[in-house]
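Every read-out reported here was derived from the displayed coordinates using simple, explicitly stated rules and does not represent laboratory data. These numbers come from a predicted model, not from an experiment. Positions of Cβ are backbone-derived with ideal geometry, glycine not excepted, and every protein chain shown enters the neighbour counts.
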Amino acid sequence: MLFFSYFKELVGKEVIVELKNDLAISGILHSVDQYLNIKLENTRVVDDTKYPHMLSVKNCFIRGSVVRYVQLPPDGVDVDILHDATRREARGG
Amino acid sequence: MATEEDSAVKEPLDLIRLSLDERIYVKLRSDRELRGKLHAYDQHLNMILGEVEEVTTSVEIDDETYEEIVRTSRRTVPYLFVRGDGVILVSPPLRTS
Amino acid sequence: MATDTGLESLIDQTISVITNDGRNIVGVLKGFDQATNLILDESHERVYSTKAGVEQVVLGLHIIRGDNIGVVGELDEELDSNLDLSALRAHPLKAVQH
């Protein structure tokens, strides 16, 4: 639940989602669900010369299972809140 | 400061809990390694790392000599969410560095 | 509990799907479920190559199993009609390496 809650707080911010097929997609986080499936708006493939496969896509749904990384905006990370939430979750909370 | 409950290591994830806010080493699938400060994790080993250095290793075969050429590339990322299903191992802070 | 991550808003729209084996399938979304299984009508596959333009292979009505789906994109018809697919050169996408 920790990361589901965290990503819900991040809605509206710009992220870069890196997939397990090496595609990196930047966009505004529109929504997330409990599987960490992600919807992005105003998307752009970071290297769209090498990967022109999504040139006509501006909104997309990314299946959580194909996500390798999400690059987070520095103003979307409050480390103290994350530490507390992690300790709470580790205790089984 | 730490109470007994906080510092006891009974299961693997307890060791990771003790690494919160410390720099850790993470080995991932597809020949990737990360070093970064651990800010959050869950039971799947999903994580958020800060000041992350990623090293990726690839092996290419030279067209003429058929020799293996090992290439490593590095980059840094301020904050990174890492999906746990790619994690092979997590190592607590290196005391040597 | 879940926020609006469903694909309801894409029903009857043209979507572009990237599968885990690196294929790109374009079609009209007719249905989906919790597991991201999709029903696509009037679908075709876009085959990318570095030697020739994008080849479009007609598939028709297709069901794609959710486990094999990576990305579901809403195809912007205007942007898409401005693309010159016959001039695009690219390697096919890599398969997803779990």
* Determine the distance separating the Cα centre of segment A:22-93 from the Cα centre of segment B:34-58; give it in Å without decimals. => 15
* **Over 31 Å between alpha carbons, listed pairs A:Lys20/B:Lys37; A:Lys58/B:Lys27; A:Lys39/B:Lys10; C:Lys30/C:Lys94** => A:Lys58/B:Lys27; A:Lys39/B:Lys10
* Average beta carbon contacts from partner chains per residue of C:33-44, 10 Å cutoff -> 1
* To do: Enter the mean number of other protein chain beta carbons within 10 Å of the beta carbon of each residue in C:78-85, as an integer.
  => 2
* Can you list the residues, at least 5 places off or on another chain, whose amide H is less than 5 Å from the amide H of B:Tyr25, using H built in the peptide plane? -> B:Ser91
* Asked: When ranked by the protection proxy of mean other Cβ atoms within 10 Å per residue, highest first, what sequence do the peptides C:47-59, C:17-29 form?
  -> C:17-29, C:47-59
* Asked: Which loop trypsin sites (Lys or Arg not before Pro) in chain A, with loop taken from DSSP, have no more than 11 other Cβ atoms within 10 angstrom of their Cβ?
  -> A:Arg91
